[in-house]
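What follows is one structure encoded as structure tokens, with my remarks underneath.
The values are calculated or read from the model by the stated rules, or taken from the named source; none is laboratory data. Everything numeric in this text was worked out from a predicted model, so none of it was measured. Here Cβ is always computed from backbone atoms with ideal geometry, including for glycine, and neighbour counts include all displayed protein chains. When the accessible area is computed, the model is the full protein with side chains, heavy atoms only, and any ligands, DNA or RNA have been set aside. Shrake-Rupley method; radii C 1.70, N 1.55, O 1.52, S 1.80 Å.
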Amino acid sequence: MWDTLIVQPFTNVLLMITMLVKNFGVAIILFTILIKLITFPLTAKGIKSSQAMQDLQKSPRYIKMQEKYKDNKEKLAEEQMKMYREFGVSPFSSCLPQLFQFPIIIGLYQSIMRAMASTPLELMKLERIVYPFLDANKILPLQNRFLWMDLGQPERLMIAGIGIPVLTILVVLSTIVQTRVMTPPTEAGNDQAAAMTNSMNMTMPIMMGVISYQFSAGLALYFLVSNMATVAQYAAMGKTDWSRIFPWVKKKPNQSKPSIVIPDLPEEEEVAEPVVEKVSKPSARASAKRQRPKMKR
Amino acid sequence: MIKKYLSSLLIVLLAGFFLAGCAMGPRAESTPGISTDGNQIFVSYMNYVYKLDPVTGKAFWRFPEKSNIKQVFYAPALIDGESIYVGDFANDFHKINVAGVPSVDWTFTDAKGWYQGKAAKDGGLIVAPNSDRNIYAVDEDNNLVWTHSDRFAYISEPLIVDDMVIVSSQDHKVVFLNKTDGSTIREVGLNGVVIASPLYDAKTDSIYVGSLANEFVRIDRQSGEIVWRYDGGGSLGSIWAQPIIVDGQVIFNDKTGKVVSLSMETGAENWQFNFGVPQMAGLALIEGKGFILALEDGTISLYDLDQQAIWTRSVSGKVYDTPVITNELILVGAVKGDYLVYAFDFQGQQVWTFKPEK
């Protein structure tokens, strides 16, 4: 089912591109960019939702609410959900688009691995999933030499007798850039979040580097192009803070408007005890009605 | 700030390379490489080469004693008396003394790709195909004699006949090389990838081989001329394995489950039958009895030359490789099953099974 719906069509598209450009390396690059373009609306939605959530969580009203119900987790959760509903923000809306992309990314990875068949058994499995109209005999074997690389083998550039893993280094660097672009800056004082972000920023490049160093160059090439395409997508949406990546770049003043406008509650509501909340509820609604949340388009 | 940033980056890179050195092995899916000289049995699979007891199927030993995650063996070992020659996926080719406890005589390390096909030996010359697009010829003392380069990986066992090395190429051809220096004598083009190793018949002085382009040919070894080509009127599927020769017939199978017998001389069809079950493994000849047919689904049958099934057995797992025949046994390698190797006698009784210890 998975193979028929995802891996087989992806592999065939990849093979079609290979037939057109006559080079498997170029085909991997084009195919990765194509998939990134197709999934861009989902990425954009995820970025917007994530931004809206960050704006909401930074709002004084949200912070005050957290302070107020810090000893009552159940009530805090209830109030948070209320606030999310009120401003049309869903805690899942930022991760759902990413989740939808997951099968596509996994399918893309698997199709590249499948197309790089190197043993007779892998070749046979590849031959079986090639659509009849493509004629496997004309496509196979794939010419997997690209620049100095053999895409079926781990990449090393021989310089003075030493094999330098250039592609691995590029993958590590691009993953560092990508993780920094994707992870929002942590608020001062939020030690746990900062620790998690730092851990993620360290772990991801190492993991990708290990895989790229050990596995075939074709896969590493895909990682590199995918990372660069993701950074380009964030840059296209104006969400790239280059000063987070390159410390010598001066941080630009934040000129962008917040995704949503969170009005602060009137003073009496802020101090209202939870027991009188039922009374204050209509007033909160009225307040929200007066200042409707505006989603940034 | 920049200094701090650079030192963090350096730590990340160093950690990455450190982990890379010990983390993973090569990623490839393949099948057990079984080889025999009639008396000894060797199985190459994953991180070891095993020497099996032909009577019990127990492993006498495995090489290397301690596994190296990068060292993966799938190529069948070439057996030469008390030595074997076998390549691995760490790009190394070894001569191993197997008289007692295995010991490495030498390792050839020039290749940059994996060894997947079995090596061939003639006199003092060992010829090993490699996925780095080269065929390496070394002597018995590990001196490189010659290298032949091409555009695609070599994954099939070469054939050495007189002064020629003949090897199937994925580049839609069969290549004839000069055994002395590796220079190209000729290339015979076919319509598709040639994975199956060529088979030589001295009587007709011809090479018999099929390709993935649904064709089977006879090539005259001296002239390189294609004497005849068979495609079954367009009904033939791709051919993945070497044929067998018996009683003036060349018999082969295609991936669709078809078994075809042709006249060696003219290429005229003698007979054919179709199982309709995919098969990648080739036919294995048992002199005087018939041939073994192994289907992908694990069905193993002995057929006589009148196409009558003498017996049929079933093994657990998928069978992709041609069964190997010893003096008394039929060895079937399987993947994704209960055992890695199944041994049957010629009457179809299962004698033993082998499963590597974890």
Stretch gain in nm, segment B:Ile185-B:Thr147, where the contour uses 0.36 nm per residue and the Cα spacing is subtracted: 12.2 nm
Charge dipole magnitude, Cβ of K and R +1, D and E -1 - the protein assembly as shown, Cα centre, debye nearest 20: 4620 debye
Rh by Kirkwood over Cα pairs, then Stokes-Einstein D for region B:39-128 at 1.567 mPa s and 4 °C, µm²/s: 99 µm²/s
Choice from B:Lys70, B:Lys173, B:Lys336 showing the highest fluctuation, given a GNM over chain B with Cα pairs closer than 10 Å: B:Lys336
J(HN,Hα) series, region B:40-51, from Karplus relation 6.51 cos²θ - 1.76 cosθ + 1.60, nearest Hz, glycine and proline x: 9, 10, 10, 10, 9, 7, 6, 8, 9, 10, 9, 9
Chain B: most fluctuating residue of B:Gly233, B:Gly189, B:Gly87 per GNM, C-alpha cutoff 10 Å: B:Gly233
Sites A:Val26 and A:Ala77 - FRET efficiency at Förster radius 56 Å, r taken between beta-carbons, to 0.05: 0.65
Global form of region A:35-141, assessed from the alpha-carbon gyration tensor, a/c cut-off 1.5: prolate
Given charges at Cβ of Lys, Arg, Asp, Glu: chain B dipole, positive-most of B:Phe346, B:Val246, B:Tyr320: B:Tyr320
Cα→Cβ-extended label distance, 7 Å offset, between B:Ala99 and A:Ser243, nm: 7.6 nm
Relative compactness, region A:89-163, computed as alpha-carbon Rg over 2.2 N^0.38 Å: 1.61
Heavy-atom accessible surface of the protein assembly as shown: percent carbon and sulfur, 1.4 Å: 56 percent
Accessible area per residue in Å² at 1.4 Å probe, computed on the protein assembly as shown: 46 Å²
Label-point gap, in nm, between B:Ser314 and B:Thr266 - each point 7 angstrom along Cα→Cβ: 4.2 nm
Cα Rg, Dmax (largest Cα-Cα span) when computed across region A:120-189, Å: 19.7, 62
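Loop-only chymotrypsin sites (Phe, Trp or Tyr not before Pro) in region A:48-100, please: DSSP not H, G, I, E or B, and at most 12 other Cβ atoms within 10 Å.
Filter output for region A:48-100: A:Phe92.
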Cα-centre dipole for region B:171-212 with unit charges at Cβ (Lys and Arg positive, Asp and Glu negative), debye to 20: 40 debye
Farthest toward positive dipole pole in the protein assembly as shown [+1 Lys/Arg, -1 Asp/Glu at C-beta], among B:Ala59, A:Leu147, B:Thr184: A:Leu147
Calculated P(r) tail over 35 Å for chain B, as whole % of Cα pairs: 25 percent
Spin-label pair A:Lys125/A:Ile162, simplified geometry with 7 Å Cα→Cβ offset, distance in nm: 3.7 nm
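Relative to the present Cα-Cα distance, how much length would full extension add between A:Gln54 and A:Phe100 at 0.36 nm per residue of separation?
14.4 nm
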Paired Rg and Dmax values of region B:171-287, which use every Cα atom, in angstrom: 13.8, 45
Expected 222 nm ellipticity per residue - DSSP helices of 4 or more, -39500 (n - 2.57), all of chain B, to 500: -2000 deg cm²/dmol
Neighbour cut-off at most 13 other Cβ (10 Å), DSSP loop, GluC sites (Glu not before Pro), region B:189-287: B:Glu225, B:Glu287
Built amide H within the under 5 Å cut-off of B:Lys179, gap 5+: B:Met164, B:Val165
Alpha carbon Rg of region B:217-268, scaled by the compact-globule rule 2.2 N^0.38 Å: 1.13
Assigned charges on the beta-carbon of Lys, Arg, Asp, Glu; region B:63-150 dipole about Cα centre (debye): 340 debye
Compactness index (Cα Rg / 2.2 N^0.38 Å), region B:263-319: 1.21
Hz values of 3J(HN,Hα) by residue in region B:254-262 - Karplus curve (6.51, -1.76, 1.60), Gly and Pro given as x: 10, 6, 7, x, 8, 10, 10, 10, 10
Which listed pairs, of A:Lys45/A:Lys73; A:Lys22/B:Lys112; B:Lys258/B:Lys355; B:Lys258/B:Lys318; A:Lys58/A:Lys82; B:Lys95/B:Lys121, have C-alpha distances above 21 Å, in listed order: A:Lys45/A:Lys73; A:Lys22/B:Lys112; B:Lys258/B:Lys355
Under Karplus coefficients 6.51, -1.76 and 1.60, residue-wise ³J(HN,Hα) of region A:116-131 in Hz, glycine/proline x: 8, 3, 10, 9, x, 5, 5, 5, 5, 5, 5, 4, 5, 9, 6, 4
Residue among B:Asp231, B:Asp181, B:Asp247 with the largest mean-square fluctuation in a Gaussian network model of chain B, springs linking Cα atoms under 10 Å: B:Asp247
Summed buried accessible area for B+A [probe radius 1.4 Å, Å², rounded to 100]: 3900 Å²
Rh (Kirkwood; distinct C-alpha pairs) - the protein assembly as shown, Å: 28.6 Å
Angstrom value of the Kirkwood radius, inverse mean 1/r, which spans all Cα pairs in region A:6-62: 13.7 Å
Histogram of C-alpha separations across region B:163-213, 10 Å bin width, %: 28, 52, 20, 0
Built amide H within the under 5 Å cut-off of B:Leu190, gap 5+: B:Lys173, B:Val174
Surface/4 estimate of mean projected area, convex hull on alpha-carbon atoms of region B:127-235, nm²: 6.7 nm²
Translational D in µm²/s for region B:207-357 (Stokes-Einstein at 25 °C, 0.890 mPa s, Kirkwood Rh from C-alpha pairs): 155 µm²/s
